[in-house]
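Participant: My questions all concern the structure below.
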Amino acid sequence: MYSQGLLGANTDTDETEDFLAAFQARIDAEEKIEPNDPMPAAYRKTLIRMISQHAHSEIVGMLPEGNWITRAPSLRRKVALLAKVQDEGGHGLYLYSAAETLGVSREQLTEELLSGKAKYSSIFNYPTPTWADIGAIGWLVDGAAIMNQVPLCRCSYGPYARAMIRVCKEESFHQRQGYELMRKLTRGTDEQKAMAQDALNRWWWPSLMMFGPSDTDSQHSDQSMKWKIKRFTNDELRQKFVDATVPQAELIGLTMPDEHLSWNESKNNGEGGYDFGEIDWDEFWRVVKGHGMMNKDRIATRKKAWDDGAWVREAALAHARKTRERKEAA
Amino acid sequence: MSSEPMIPLWEVFIRPRNGLHHKHVGSLHAADSEMAVQAARDVYTRREEGNSVWVVRAEDIVASDPSRSEENFDPAADKVYRHPSFYDIPDEVGHM
């Protein structure tokens, strides 16, 4: 009781103006909110949505890369990829645990993913047809994820912030191994260079979409900023990512697939930054709504894994029960 | 699927090295204590985070009531005389 689990606990709050103001005052004073603290229902709901989407993304994110583990070109690449995919599974667990402190069960979360009710990052609905895709994912997808996650380490909700600190510590190697892999390809044969450029061409725009809809169209941004769940808007983070990544591409001789990309000295309060082309939001919404290349495949794979594992869960619980009964009888 | 029995929740504590306390690092689900220790080792010590793992069933933890945290913990705030800096001693005494 009162520790982490809130399952079955009454989380209703009487949301008077005083209550909401007192809550906002705690947030403004940079106090962390912990699982059993009173919180507005909408704060709880927003966090459950965000953290569970994040957790699902880690789990589904194992699939496009897992696809290449058996075909990695060297042992060095194979152990790195294996470790990375294992990390993603761990990150899913940290995040599910954080979501569970808000009163939602793991079973419910899994069910929402498999039924298609819950969303996960659209980026994982793109296919990984070549080895260079593994480099592009590490460099760009993990790069974009880190950009998002670093400010989440200061999120007002304690368990989410703590989970993100662990995730960020572990994720840095993910991006570096991806960039190293891309660099190696760009120094290889013409074919390998072309493969790297082709992967960048396919992953660049979807990576920019990872930051979500533009601030003018984002439904959730304002209140999440006020509650210090988020610290930067989608567009701010996207700009940071572009500014950090464009020089990295130049350094290894790759070209961003954007003819409108240009340096603008007046951006970022005079510090300079890149102007970039318009994102294809129709594509973004199409994939979010389930019509990406891999949406059906990803969920079918997760569902199969869950169904195939049913006997293991059953056997583990039966074994636990028998051992307990035997101990009690002795 | 919703009819599946719930797999119990465990809280995980890791001791980074001998001489330090076990510290809460997170939680996980496992059917029994043996699987919980194994999973905790797999998930929470992938980068030499520790050399000892404790797992405790989350439902076995007894915690203070957060709605009574004011009466429990605020009284300590006005008891400055429990701290060494409250007492005046001459500088010449040196470290005490």
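The values are calculated or read from the model by the stated rules, or taken from the named source; none is laboratory data. In this text the structure is predicted, and so the values were computed from the model without any measurement. Don't worry about glycine lacking a Cβ; one is built from the backbone with ideal geometry, like all the others, and counts go over all protein chains shown.
Participant: Looking at region A:21-37, can you tell me whether even one residue there is in a helix (DSSP H, G or I), within 13 Å of another protein chain (Cβ to nearest Cβ) and exposed (fewer than 14 other Cβ atoms within 10 Å of the Cβ)?
Facilitator: Pass one, region A:21-37, residues in a helix (DSSP H, G or I): A:21-28.
Within this subset, residues satisfying the condition of being within 13 Å of another protein chain (Cβ to nearest Cβ) are A:22, A:26.
Keeping just the survivors that are exposed (fewer than 14 other Cβ atoms within 10 Å of the Cβ) gives A:22.
Yes, there is a match, as at least one residue in region A:21-37 is in a helix (DSSP H, G or I), within 13 Å of another protein chain (Cβ to nearest Cβ) and exposed (fewer than 14 other Cβ atoms within 10 Å of the Cβ).
Participant: Can you confirm whether A:T13 is surrounded by fewer than 21 Cβ atoms within 10 Å (Cβ to Cβ), among the hydroxyl-bearing types (S, T, Y) and within 14 Å of chain B (Cβ to nearest Cβ)? Steps first, answer last, please.
Facilitator: On the way: surrounded by fewer than 21 Cβ atoms within 10 Å (Cβ to Cβ): yes; among the hydroxyl-bearing types (S, T, Y): yes; within 14 Å of chain B (Cβ to nearest Cβ): yes.
When the stated conditions are applied, A:T13 passes them.
Participant: Test each condition in (1) among the charged types (D, E, K, R); (2) within 14 Å of chain B (Cβ to nearest Cβ); (3) surrounded by 17 or more Cβ atoms within 10 Å (Cβ to Cβ) for A:E111 and report the one that comes out false.
Facilitator: Exception for A:E111: condition (3).
Participant: Right, next: Tell me, yes or no, whether region A:233-251 has at least one residue that is part of a loop (DSSP other than H, G, I, E, B) and either under 22 Å from the mean Cα position of the chain (by Cα) or hydrophobic (A, V, I, L, M, F, W, C) (or both).
Facilitator: Checked against the condition, which is being part of a loop (DSSP other than H, G, I, E, B) and either under 22 Å from the mean Cα position of the chain (by Cα) or hydrophobic (A, V, I, L, M, F, W, C) (or both), region A:233-251 yields at least one hit.
Participant: Another question, then. Mind checking whether some residue in region A:193-210 is under 20 Å from A:H54 (Cα atoms), in contact with a strand residue (DSSP E or B) (Cβ under 7 Å, 6 or more places away or on another chain) and either among the acidic types (D, E) or part of a loop (DSSP other than H, G, I, E, B) (or both)?
Facilitator: The answer is no, given that none of the residues of region A:193-210 is under 20 Å from A:H54 (Cα atoms), in contact with a strand residue (DSSP E or B) (Cβ under 7 Å, 6 or more places away or on another chain) and either among the acidic types (D, E) or part of a loop (DSSP other than H, G, I, E, B) (or both).
Participant: In region A:153-176, is there at least one residue being more than 14 Å from every other protein chain (Cβ to nearest Cβ), in a helix (DSSP H, G or I) and either farther than 20 Å from A:A244 by Cα or in contact with a Gly (Cβ under 7 Å, 6 or more places away or on another chain) (or both)? Lay out the reasoning, then the answer.
Facilitator: Within region A:153-176, the first condition is being more than 14 Å from every other protein chain (Cβ to nearest Cβ), and the residues that meet it are A:153-157, A:175-176.
Those left that are additionally in a helix (DSSP H, G or I): A:175-176.
Of the ones still in play, those that are also either farther than 20 Å from A:A244 by Cα or in contact with a Gly (Cβ under 7 Å, 6 or more places away or on another chain) (or both) are A:175.
Yes, because at least one residue in region A:153-176 is more than 14 Å from every other protein chain (Cβ to nearest Cβ), in a helix (DSSP H, G or I) and either farther than 20 Å from A:A244 by Cα or in contact with a Gly (Cβ under 7 Å, 6 or more places away or on another chain) (or both).
Participant: Here is a further query. Among the residues of region B:9-58, which ones are within 9 Å of chain A (Cβ to nearest Cβ), assigned to a loop (DSSP other than H, G, I, E, B) and surrounded by fewer than 17 Cβ atoms within 10 Å (Cβ to Cβ)?
Facilitator: Within region B:9-58, B:R46, B:R47 qualify.
Participant: In the list A:W263, A:W306, A:W281, which residue meets the criterion of being away from chain B (no Cβ under 13 Å), surrounded by 11 or more Cβ atoms within 10 Å (Cβ to Cβ) and within 26 Å of the chain's Cα centre (by Cα)? Even if it seems obvious, please write down each step before you answer.
Facilitator: Details: A:W263 fails: within 26 Å of the chain's Cα centre (by Cα); A:W306 fails: away from chain B (no Cβ under 13 Å).
Sole residue among the options that is away from chain B (no Cβ under 13 Å), surrounded by 11 or more Cβ atoms within 10 Å (Cβ to Cβ) and within 26 Å of the chain's Cα centre (by Cα): A:W281.
Table: residues versus (1) within 21 Å of A:A161 (Cβ to Cβ); (2) free of Cβ contacts under 8 Å to residues at least 12 places away in the same chain.
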| position | (1), (2) |
| --- | --- |
| B:I14 | yes, no |
| B:G19 | no, yes |
| B:H29 | no, no |
| B:M35 | no, yes |
| B:Y44 | yes, no |
| B:E59 | no, no |
| B:S67 | no, yes |
| B:K79 | no, yes |
| B:R82 | no, yes |
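Participant: Quick one: which residue in B:S69, B:S64, B:S3 is in contact with a helix residue (DSSP H, G or I) (Cβ under 9 Å, 6 or more places away or on another chain), at pLDDT below 95 and at the interface with chain A (Cβ under 10 Å from one of its Cβ atoms)? Before the answer, list the steps.
Facilitator: Working: B:S69 fails: in contact with a helix residue (DSSP H, G or I) (Cβ under 9 Å, 6 or more places away or on another chain); B:S3 fails: in contact with a helix residue (DSSP H, G or I) (Cβ under 9 Å, 6 or more places away or on another chain).
Within the list B:S69, B:S64, B:S3, the selection yields B:S64.
Participant: Take region A:214-233 and flag every residue that is at pLDDT 90 or above and under 16 Å from A:H54 (Cα atoms).
Facilitator: Correct list: A:S224, A:I229, A:K230.
Participant: Now, a different point. Which members of region A:116-146 meet the condition of being surrounded by fewer than 21 Cβ atoms within 10 Å (Cβ to Cβ) and under 21 Å from A:L47 (Cβ atoms)?
Facilitator: Passing the criteria: A:K117, A:A118, A:K119, A:I146.
Participant: Let me ask something else about it. Any idea which of (1) within 14 Å of chain B (Cβ to nearest Cβ); (2) touching a helix residue (DSSP H, G or I) at 6+ places or on another chain (Cβ under 8 Å) is the one A:N125 doesn't satisfy?
Facilitator: Tallying (1) within 14 Å of chain B (Cβ to nearest Cβ); (2) touching a helix residue (DSSP H, G or I) at 6+ places or on another chain (Cβ under 8 Å), A:N125 fails exactly one: (1).
Participant: Can you name the residue in region A:40-73 that is of a type in the set (V, I, T) and surrounded by 22 or more Cβ atoms within 10 Å (Cβ to Cβ) and, of all such residues, is farthest from A:I137 (Cα to Cα)?
Facilitator: Only one residue fits best here, namely A:I51.
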